[in-house]
Amino acid sequence: MKTFNDLVFKPHPVGMGGKLAQMELANGYTISVVGGRKGLYGDGETTFEVAIFDRTGEMLMLSEDDQVLGWMTIDEVNQIIQKYDNEPILKVNI
């Protein structure tokens, strides 16, 4: 089972002190975790902004009205990883 500790953070491409980690999950989804700069919903140390992309690169809805979750703690990021790592692969019509 993958966890927050498996994320490898790199400088955010926009810079300004932000950092970004992306990791492919078992079902082909990708989790994106960012933080640490103005405009991101997390300080990059104890809180993070999270998004999940499906196998076609489309962002999943993570709440009723948003595709990102902000100010997530490390424990909450682990819960998101666990939930979506176990999510069945959805068939996509291309």
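Which entry is the computed Cα extents along the principal axes in Å for this structure: (i) 39, 27, 25; (ii) 42, 39, 28; (iii) 44, 28, 27?
Among (i) 39, 27, 25; (ii) 42, 39, 28; (iii) 44, 28, 27, the one derived from this structure is (i).
Distance in nm between label sites at Gln79 and Tyr41, each 7 Å beyond Cα in the beta-carbon direction?
With each label placed 7 Å out from Cα toward Cβ, I get 1.5 nm.
Every read-out reported here was derived from the displayed coordinates using simple, explicitly stated rules and does not represent laboratory data. Quick caveat, the model's predicted, so the values are computed rather than measured. For neighbour counting, all protein chains shown are included, and Cβ atoms are generated from backbone atoms with ideal geometry for every residue, glycine included.
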